[in-house]
Every structure is written in C-alpha cells, then in structure tokens.
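First comes the structure, then the notes that go with it.
The values are calculated or read from the model by the stated rules, or taken from the named source; none is laboratory data. From a predicted model like this one, the values you see are computed outputs, not experimental measurements. We place every Cβ from the backbone using ideal geometry, glycine too, and count neighbours over all the protein chains shown. For accessibility, only protein heavy atoms count, side chains too; no ligands or nucleic acids. Shrake-Rupley method; radii C 1.70, N 1.55, O 1.52, S 1.80 Å.
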Amino acid sequence: MSEHGKKIEKATEDIDYFSRNNHLHEEIDNDENISIIIKKGDEEYELKEKSKALFYGAPVEYELQISAMKNTYRQKILRSDEYEDNEQNYGKLITRIRNKSTIIPFIGAGFSVSAGCPSWSDYIESQAKKARLPAQSIKERVKSGCHEEVMSEVIEALTMDRFKRDFELSFNNNNISPELSPCRALGNLFGKCIVTTNFDRVIEESIYPPFIEKAVGREDSGRFIKAMFSGERYLLKLHGNIDEEKDRVLTQEEYNSAYGADGINWSHPIPWKLKKIFECFSVIFLGCSLINDRYLKVLAELQKEQKEFMPDHFSILTAPDDDDERIKQDGFLASLGITPIWFTAGDWEARRSQ
C-alpha cells in the first residue's frame with residue numbers, strides 16, 4: 001500500500017474510533033472543569049467542541065478523559081449507586097463476551113414493549129378484564145407468576161377463536177415498530193442463535209440479516225441444537241406461534257403437555273432442547289420476568305443434578321420496588337445459576353444501554 005493509501009486508511013480508522021465514542025463526547029464538551037483556549041493575536045477563544053480538540057491536538061489527554069468518562073458513564077448506566085453488585089456482574093458478562101464465549105439470548109415479552117407490544121402480564125390482565133374475571137385477584141396471581149392458570153381461565157371464558165382474533169390485533173398491527181426494539185442490537189453482540197418465548201414477530205422483523213430458519217420448541221428435531229454448535233442463524237420460537245395450535249404452548253394444559261404434568265419429562269422436545277441449551281451455553285435472559293416460568297423449572301432440575309458442570313447464566317432484569325424482595329429474588333436467581341444486572345422499572349435508557 002502506498003504512503004498516501006496508508007494515511008487515508010489511518011484517517012478512516014481515526015474517524016471510526018472517534019465516532020464510537022460519540023456518546024461520551026457530550027460529557028466532555030459539557031464538563032466545566034475542562035477548558036480549551038485558542039489564542040489568535042491578542043484575542044482568546046474558548047472551543048466548545050472540547051472532545052474534538054483533544055482528539056486531534058492532545059491525543060494522550062483525550063484517552064485519559066475518555067477512560068474517565070467511560071467509567072462514569074458505565075456507573076451511571078448500571079445505576080451502581082443503587083444496585084451495588086451491578087458493575088461486577090456486568091464485568092463478568094463482558095468478560096465472557098470478550099473471550100468469545102458463546103452466549104445465547106433468551107428473549108421474553110419485555111423486549112417487544114418498546115416496539116409497541118403490550119407486556120405479557122399487562123396483556124393477560126387486559127384479557128382477564130374482558131373475560132370479567134376478578135381484577136384484583138388476577139393482578140395478584142399474575143404478579144406471583146400464575147400466568148398459565150390465568151390464561152386457561154381467560155381462554156375458557158372468551159373462547160379460543162375470540163382470543164386468537166384479539167391477539168392478532170394486539171401483537172400484529174400497524175402501530176408495532178420492530179425497529180424500535182432493542183432486539184436490533186442482538187446480532188452484533190451475541191452469537192447467531194436466539195431463543196424466545198414470544199408469539200409476536202418483532203425479533204424476526206428487527207434483526208438483520210434475517211434468520212436462515214425458524215424452529216418451534218415442540219417439533220421433534222435437533223436442528224436448532226445443531227445450528228447452535230455450527231454457528232448458523234436460527235431462531236427458536238420455544239412456545240410456538242399463536243396461529244399454529246399444534247405448536248403452541250399457552251394454557252396450563254398445553255404447558256403440561258409440553259413440559260410434563262408431574263415434573264419435567266425429559267423425553268419431550270422442549271425440555272430436551274432446553275437441557276442442551278442450558279448445559280452447553282451461557283444464556284442471557286432479556287425481557288423475561290423470571291418468576292415462575294416453566295423453563296426455569298428445567299434449569300432448576302439441571303442445577304440440582306449437575307451444578308458443578310453448569311455454565312454461568314445472566315439476566316438484565318427489572319428490580320422489585322421493595323429492596324428486601326429484590327434480595328430474595330436475587331437468592332432465587334443464584335440458586336438457578338443466574339447472575340442478574342438490575343434496572344429500575346421504566347428505566348429504559350439504562351436497559352437499552354446495557
């Protein structure tokens with residue numbers, strides 16, 4: 001490469017590096033403790049774009065400021081003052097990513113909320129209201145994780161035909177904007193395979209390049225497992241789609257059929273797939289409530305049987321309002337081998353940045 005070509009390549013790399021730090025430049029530019037004065041004759045001018053001046057005029061100082069700002073920004077985003085373990089837990093996750101460890105995103109309904117979909121708990125409660133079920137009782141049961149039972153009661157009251165029709169209206173309409181979902185960033189952060197319990201199509205429509213294949217949990221096939229090991233782009237819709245009744249896992253009866261009525265039945269396709277995923281790869285739960293979900297019972301069984309051989313799992317999770325409740329939930333997650341990174345309910349800036 002010619003000297004001119006090398007200079008162009010270096011300039012391009014510099015611009016790219018500078019652009020990657022754009023989220024920190026505003027902090028530097030607004031820092032009253034930093035001032036850059038340019039003298040022209042007897043006149044002095046204070047530069048407003050301090051970050052750019054440091055980058056080109058004092059690169060060593062620029063790196064020092066960026067390093068300090070990264071630390072401050074990380075603590076701010078992780079809410080380290082409120083959740084004392086967040087920073088070390090985040091560091092543990094980042095170490096796995098930097099070491100090229102395979103981490104499988106496990107996506108729940110919370111990751112579709114910013115795209116315009118209702119949260120799953122809110123949706124169940126709204127349907128229970130339509131079914132004229134007792135509102136306060138339903139709210140308490142949903143909060144405690146009784147989604148399966150409540151959904152069975154809702155569908156029995158509304159009929160499946162009406163429920164399916166209303167579901168399509170709520171989760172597949174022109175007001176849903178998949179590009180607003182944080183799912184868009186997943187392809188750049190993690191591997192090529194994703195697991196989801198969602199029935200909506202936000203993940204399929206927000207990630208590019210698109211998935212090679214889409215599998216469902218109840219199919220008696222190992223193609224998703226093979227895809228994980230071979231690095232192919234596969235999406236596993238663990239509980240199927242609302243419009244495909246044979247693959248759907250929604251009501252308590254369907255959960256019992258898919259996972260086993262009396263404990264986990266390892267011969268069924270969904271528990272078998274989850275076993276392979278949980279024991280072979282680190283999983284990060286995103287947009288999941290992690291309260292009483294059936295897939296957690298699979299993880300609990302594995303932790304009980306082979307804890308010393310299990311990889312670390314992670315979650316980015318809404319913290320309960322009550323701190324004692326959070327500590328209790330943290331203990332429950334620890335028993336499952338899950339390391340949480342907490343954020344406050346409604347604090348979507350922190351969640352997206354993490």
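Quick one: is V298 without any contact (Cβ under 8 Å) to a residue 60 or more places away in the chain, closer than 25 Å to I155 by Cα and either open to solvent by less than 50 Å² (accessible area, probe 1.4 Å) or polar (S, T, N, Q) (or both)? Here the answer is no, as V298 does not meet what is asked.
Only one of the listed residues (L290, L238) is closer than 27 Å to D161 by Cα, in contact with a Ser or Thr (Cβ under 7 Å, 6 or more places away or on another chain) and among the aliphatic types (A, V, I, L, M). That residue is L238. Name the pairs: first residue in region 242-254 and free of Cβ contacts under 8 Å to residues at least 12 places away in the same chain and outside any loop (DSSP other than H, G, I, E, B), second residue among the hydroxyl-bearing types (S, T, Y) and surrounded by 21 or more Cβ atoms within 10 Å (Cβ to Cβ), Cβ to Cβ under 6 Å, at least 6 apart or on different chains? Within 6 Å, no pair qualifies. For R184, are the conditions met, namely being without any contact (Cβ under 8 Å) to a residue 12 or more places away in the chain and either assigned to a helix (DSSP H, G or I) or in contact with a Cys (Cβ under 6 Å, 6 or more places away or on another chain) (or both)? Considered against the rule, which asks whether it is without any contact (Cβ under 8 Å) to a residue 12 or more places away in the chain and either assigned to a helix (DSSP H, G or I) or in contact with a Cys (Cβ under 6 Å, 6 or more places away or on another chain) (or both), R184 comes out as no. Looking only at region 256-309, residues that are small (G, A, S) and in a helix (DSSP H, G or I) come to 3 in all.
The set of residues from region 77-128 being β-branched (V, I, T), assigned to a helix (DSSP H, G or I) and under 15 Å from the mean Cα position of the chain (by Cα) comprises I94, I97, V113.
To keep it simple, each residue is scored yes or no on (1) open to solvent by less than 10 Å² (accessible area, probe 1.4 Å); (2) under 25 Å from L333 (Cβ atoms).
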{"position": "G217", "(1), (2)": "yes, yes"}
{"position": "S267", "(1), (2)": "no, no"}
{"position": "K276", "(1), (2)": "no, yes"}
{"position": "E279", "(1), (2)": "no, yes"}
{"position": "I284", "(1), (2)": "yes, yes"}
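Table: residues versus (1) more than 21 Å from Y73 (Cβ to Cβ); (2) out of contact with any Lys or Arg (no Cβ under 6 Å at 6 or more places or on another chain); (3) open to solvent by less than 80 Å² (accessible area, probe 1.4 Å); (4) aromatic (F, W, Y).
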residue: N22; (1), (2), (3), (4): no, yes, no, no
residue: N30; (1), (2), (3), (4): no, yes, no, no
residue: I38; (1), (2), (3), (4): yes, yes, yes, no
residue: Y45; (1), (2), (3), (4): yes, yes, no, yes
residue: V60; (1), (2), (3), (4): no, yes, no, no
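For region 187-208, residues that are over 28 Å from A128 (Cα atoms), in contact (Cβ under 8 Å) with a residue 40 or more places away in the chain and not in a helix (DSSP H, G or I) total 5. Here S152, S119, S80, S137 are screened, and the one residue that is within 25 Å of E27 (Cβ to Cβ) and either surrounded by 14 or more Cβ atoms within 10 Å (Cβ to Cβ) or not β-branched (V, I, T) (or both) is S80. Taken together, the criteria exclude S67 from residues that are open to solvent by 50 Å² or more (accessible area, probe 1.4 Å) and modelled with pLDDT under 85.
Inspect region 165-180 for any residue being in contact (Cβ under 8 Å) with a residue 12 or more places away in the chain, over 19 Å from S114 (Cα atoms) and either among the aliphatic types (A, V, I, L, M) or in contact with a Pro (Cβ under 6 Å, 6 or more places away or on another chain) (or both) and give the result as yes or no. There is no residue in region 165-180 that is in contact (Cβ under 8 Å) with a residue 12 or more places away in the chain, over 19 Å from S114 (Cα atoms) and either among the aliphatic types (A, V, I, L, M) or in contact with a Pro (Cβ under 6 Å, 6 or more places away or on another chain) (or both).
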